Amino acid sequence: MTSTINVHVYSDALVLLGTAGVVIPLVRRFGFNPVLGYLGAGAILGPLGLGSFIDRFPSLYWFTVVDPANVSGIANLGVVFLLFLIGMELSYDRLRAMHRLIFGLGSLQIILSTVVIGLVAALAGSKAPVALILGVCLALSSTAIVVEILSRQKRLNTSAGRASFAVLLAQDLAVVPLLLFITIFGAGDSGSVIATLALALTNAAIALGVIVVVGRVVMRPLFRLVASVGMSDLFVATTLFVIVATGVAAALAGISMALGAFVAGLLLAETEFRKAIETAIDPFKGLLLGLFFFTVGMNIDFGQIARDPVWLIAGATGLIAVKSSILVFLARMFRLSWPASIEVGLLLGPGGEFAFVGIGMATTLGLIDANVSSFAVALTTLTMMLTPALAHVARQLAPIVREDKPLDPELSVTPSGGSGHAIVVGHGRVGQVVCAMLDRHQFKYTAVDNDAAAVPEQRRQGRTVFYGDATNPEFLKSCGLMEAAAVIVTINEARGIDEIVAQVRALRKDVLIVSRARDADHARHLYGIGVTDAVPETIEASLLLSEAALIGLGVAMGHVVASIHEKREEFRHELQQAAGSAGSASKPVAGTKRRRLLR
């Protein structure tokens, strides 16, 4: 029986899937970044790698990609998913919270790096539009690699991690106008450039406007309908449909599929289905992005690298040096420490995945010569491969360039322990009120905080607060935890609260722990990990608001206070039960300890 399948397409697809299923797990096992694994596999197994030897070794046919066109569709979907995920990440709240670093540090980095790299490209003979495209593309850094490194090292919440993430967000935002710019200039050079630009911008604005209007009208009701059915496979199918459909609509309007998917991500980021959508596409995004990087690796021409190794190494060194220097300068200007500035510079100095997208699109449209494109792709790949090593160098340089400031004598004062006292963790606005109330009721306490700038000043103002890390069990012991009556956690950082509670419970199973919580969900989580009593800010605010309103409306204060207290206990009992706590058993103990604490 004769086979009717296209063996060429299936053999190339099997190579990609085999890379994802066999090569990448091995790469991860040896501690390498999977993005680099996909790039390396694409370079080796692509038509310019081992595929170039098929004529001499026909058996390589089953282990290499013969025709890149057979897998280009999958790679394009990878780019579409990447832009959609970026749109999902760029919520208004996140942009507002980090606006200073995103639109300040990030924007300046893009502008300055683009100008310097673009001038170098122009001096090398590139036309102005090409030099500008190369400048922007090479000014961008790798979100996939840098975020993965910082996440693995648990450094996203450090000053260097936050600054790096802010710059990456700014660069992600810059991709949208970059793709639009390439699309406009790739439309043709006939007629007036200004007229062509105006027409293209008008068409793009109309197309994006239609996508936004239709999306706002259709998307939320569509996902509500699908969610009401309760079938997860339909939710996944709908999510994939929205991503691809908006991309196709954008492509039909003359702009890139990726740009349409980006707009869809922005629209869905503000809906109640955001988390469900992220969960639905999670199994696909890693694979599709990985296959995209694989196809990028296939464009690496080892022959050209062998012909121009000196220029390639010089270009990679120059690119990292230029971008890193600009980033270090800007980071210092935005008051980051020297170690953080150097770490940001070395992490973001190499190129990024969007250089492949932009340069690949410009090459397809005939804006960039194939040789220039090949060199730029090889340059970007080489610098990306150096990112983990540069991150290690930055961590090694940190102790050397650390700014040693004289230790304030107030920071060296240690707590004297005690017995039957309370330990107040955090001496910010909330912690100071708690300490004031403990003072009013003449209850002994030890207040601690890890803010090296605030503690000395507070001590000079006469407040009894000590500097130290409450996640350190030895420090907790020095505060008298083993004899303390209670630990009151007033900080607002969720991960820090978890670590403190874990350390306290490891040392004392019986001690009363009262903790601040952000909302009911956070309070439920805290009850689950061993907190005796959690105080959700949202619930307390609503109770206090109700109390003030009822008293203002003329209801007797005694009745109001009693009803508020009763409602508070109802909330507490519900949260304890939801967390799996033995509410009825623990409640009398907690109540006894609270009464003793206030006596």
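Any residue in the range 338-350 that's over 25 Å from Val377 (Cβ atoms) and assigned by TED's automatic domain parsing to the domain that holds Ser159: show its pairings with residues that are basic (Lys, Arg) and part of a loop (DSSP other than H, G, I, E, B) at Cβ separation under 6 Å, as long as the two are six or more apart or on different chains. Close Cβ pairs (under 6 Å, with a partner that is basic (Lys, Arg) and part of a loop (DSSP other than H, G, I, E, B)) amount to Pro339/Arg402. Among the candidates Asp510, Asp521, the residue that is of a type in the set (Asp, Glu) and part of a helix (DSSP H, G or I) is uniquely Asp521. In the range 480-527, what count of residues is obtained for those that are under 24 Å from Arg155 (Cβ atoms) and among the charged types (D, E, K, R)? Residues that pass the stated criteria total 5.
With a requirement of 3 or more residues that are under 28 Å from the mean Cα position of the chain (by Cα) and loosely packed, with under 15 Cβ neighbours inside 10 Å, the helices (runs of 4 or more DSSP H) lying completely within the range 251-370 that satisfy it span 274-297, 309-333. If you go through the range 274-319 and pick out every residue that is touching a residue at least 40 places away in the same chain (Cβ under 8 Å), closer than 18 Å to Thr143 by Cα and acidic (Asp, Glu), you end up with 1. Among the numbered conditions (1) under 31 Å from the mean Cα position of the chain (by Cα); (2) part of a helix (DSSP H, G or I); (3) free of Cβ contacts under 8 Å to residues at least 60 places away in the same chain, the only one that Asp469 does not meet is (2). When Val455 is tested against (1) buried (at least 19 other Cβ atoms within 10 Å of the Cβ); (2) closer than 13 Å to Ala422 by Cβ; (3) touching a residue at least 24 places away in the same chain (Cβ under 8 Å), only condition (2) is not met. Candidates are the residues of the range 130-157 that are part of a helix (DSSP H, G or I) and of a type in the set (D, E, K, R); the one that is nearest to the chain's Cα centre (by Cα) is Glu148. Consider the range 491-507 and keep the residues that are in a helix (DSSP H, G or I) and hydrophobic (A, V, I, L, M, F, W, C). The one that is farthest from Asp521 (Cα to Cα) is Leu507.
Which residue, of Ser113, Ser142, is in the same structural domain as Glu353 (by TED's automatic domain parsing), at pLDDT 85 or above, crowded, with 17+ Cβ neighbours inside 10 Å and touching an Asp or Glu at 6+ places or on another chain (Cβ under 6 Å)? The conditions single out Ser142.
Using the structure shown, decide if Ala128 is at pLDDT below 80, surrounded by fewer than 16 Cβ atoms within 10 Å (Cβ to Cβ), on the phi < 0 side of the Ramachandran plot and among the hydrophobic types (A, V, I, L, M, F, W, C). Considered against the rule, which asks whether it is at pLDDT below 80, surrounded by fewer than 16 Cβ atoms within 10 Å (Cβ to Cβ), on the phi < 0 side of the Ramachandran plot and among the hydrophobic types (A, V, I, L, M, F, W, C), Ala128 comes out as no.
The requirement of being modelled with pLDDT under 90, on the phi > 0 side of the Ramachandran plot and among the basic types (Lys, Arg) is satisfied by Arg335.
In the range 61-71, the residue that is surrounded by the most Cβ atoms within 10 Å (Cβ to Cβ) out of those that are modelled with pLDDT of 80 or more and either of a type in the set (S, T, N, Q) or part of a helix (DSSP H, G or I) (or both) is Thr64.
In the range 486-503, the residue that is nearest to Ser419 (Cα to Cα) out of those that are surrounded by fewer than 19 Cβ atoms within 10 Å (Cβ to Cβ) and aliphatic (A, V, I, L, M) is Ala502. On the given criteria, is Ile74 among the β-branched types (Val, Ile, Thr), over 28 Å from the mean Cα position of the chain (by Cα), in a helix (DSSP H, G or I) and in the same structural domain as Thr295 (by TED's automatic domain parsing)? Here the answer is no, as Ile74 does not meet what is asked. Here Arg508 clears all of (1) of a type in the set (Lys, Arg); (2) modelled with pLDDT of 85 or more; (3) surrounded by fewer than 14 Cβ atoms within 10 Å (Cβ to Cβ); (4) touching a helix residue (DSSP H, G or I) at 6+ places or on another chain (Cβ under 8 Å) except the condition numbered (3).
The values are calculated or read from the model by the stated rules, or taken from the named source; none is laboratory data. Just so we're clear, the structure is a prediction, and the values are computed from it rather than from any experiment. For neighbour counting, all protein chains shown are included, and Cβ atoms are generated from backbone atoms with ideal geometry for every residue, glycine included.
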